1. Given the condition at pLDDT 95 or above, out of contact with any helix residue (DSSP H, G or I) (no Cβ under 9 Å at 6 or more places or on another chain) and surrounded by fewer than 17 Cβ atoms within 10 Å (Cβ to Cβ), answer yes or no: does some residue in the stretch 20-29 qualify?
2. Go through the stretch 22-64 and count every residue that is among the small types (Gly, Ala, Ser) and in contact with a Leu (Cβ under 7 Å, 6 or more places away or on another chain).
3. Within the stretch 68-102, which residues are within 14 Å of Arg10 (Cα to Cα), among the hydrophobic types (A, V, I, L, M, F, W, C) and either in contact with a Pro (Cβ under 6 Å, 6 or more places away or on another chain) or free of Cβ contacts under 8 Å to residues at least 24 places away in the same chain (or both)?
4. Within the stretch 117-155, can you find the residues that are of a type in the set (A, V, I, L, M), in contact with an Asp or Glu (Cβ under 7 Å, 6 or more places away or on another chain) and either buried (at least 16 other Cβ atoms within 10 Å of the Cβ) or at pLDDT below 95 (or both)?
5. Can you tell me which residue within the stretch 93-102, out of those that are out of contact with any helix residue (DSSP H, G or I) (no Cβ under 8 Å at 6 or more places or on another chain) and either outside any loop (DSSP other than H, G, I, E, B) or on the phi > 0 side of the Ramachandran plot (or both), is surrounded by the most Cβ atoms within 10 Å (Cβ to Cβ)?
6. Is it the case that some residue within the stretch 10-33 is out of contact with any Cys (no Cβ under 6 Å at 6 or more places or on another chain), free of Cβ contacts under 8 Å to residues at least 12 places away in the same chain and among the acidic types (Asp, Glu)?
7. How many residues are buried (at least 18 other Cβ atoms within 10 Å of the Cβ) and without any contact (Cβ under 8 Å) to a residue 60 or more places away in the chain if we restrict to the stretch 103-116?
8. Kindly evaluate Ala17 against the criterion of being outside any strand (DSSP E or B) and either more than 16 Å from Asp115 (Cα to Cα) or in contact with a Ser or Thr (Cβ under 6 Å, 6 or more places away or on another chain) (or both).
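The values are calculated or read from the model by the stated rules, or taken from the named source; none is laboratory data. Keep in mind it's a predicted model, so treat the numbers as computed, not measured. Glycine also receives a Cβ, built like all others from the backbone with ideal geometry; neighbour counts cover every protein chain displayed.
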Amino acid sequence: MIVDADLEIRAAGPTEAGLIARIVQESFRAQAEMQGIRADQYPKYVAFTDEAAVLKALEKGHNAALLYHGAEPIGGIWHALDWNDPLLGHVSKLAVLPAHRGWGYGKMLFAYAEDKLRALGAQHARLTCNARLTGLRAYYERLGYRVVKQEPWPTLPFEVLMMEKEL
């Protein structure tokens with residue numbers, strides 16, 4: 001467990017949309033570069049999330065939260081209930097800035113999002129990730145998620161893993 005009085009997770013809204021987008025972009029930039037994924041080819045890839053996309057997601061019912069170390073935003077996460085199944089929640093856009101990785105902040109953000117989903121009545125949480133990134137898959141498995149499906153997505157150059165966890 002992380003014990004640091006300077007850490008705080010705060011719900012974020014439209015006024016922080018630019019900040020949320022910047023954190024997501026910075027957090028996923030190296031992953032996009034490593035895979036040769038460019039915005040002109042795959043504009044829907046997470047590394048190219050912009051302020052307009054954040055605002056649209058918030059309008060559709062996604063909830064965002066930012067992790068602060070003191071006054072500095074260092075990460076974030078999104079969560080939402082499924083539109084068709086209120087017992088299913090979605091966790092997405094886990095983003096921790098590269099300089100702050102390895103300290104358990106991602107786990108802290110996941111716990112926050114899962115707690116929020118439980119409070120909304122969700123019994124399961126779902127996420128998706130790049131099937132090529134075996135280290136990321138292993139990380140989510142350590143958090144209790146299990147693969148339930150693997151499939152290609154037409155807007156991405158790789159197969160996507162759908163993973164779920166009972167809350």
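1. No, every residue in the stretch 20-29 fails to be at pLDDT 95 or above, out of contact with any helix residue (DSSP H, G or I) (no Cβ under 9 Å at 6 or more places or on another chain) and surrounded by fewer than 17 Cβ atoms within 10 Å (Cβ to Cβ).
2. Summing the residues that are among the small types (Gly, Ala, Ser) and in contact with a Leu (Cβ under 7 Å, 6 or more places away or on another chain) in the stretch 22-64 gives 2.
3. Of everything in the stretch 68-102, just one residue is within 14 Å of Arg10 (Cα to Cα), among the hydrophobic types (A, V, I, L, M, F, W, C) and either in contact with a Pro (Cβ under 6 Å, 6 or more places away or on another chain) or free of Cβ contacts under 8 Å to residues at least 24 places away in the same chain (or both), namely Ala71.
4. Those that are of a type in the set (A, V, I, L, M), in contact with an Asp or Glu (Cβ under 7 Å, 6 or more places away or on another chain) and either buried (at least 16 other Cβ atoms within 10 Å of the Cβ) or at pLDDT below 95 (or both): Ala125, Ala131.
5. His100
6. yes
7. Selection size over the stretch 103-116: 5.
8. yes
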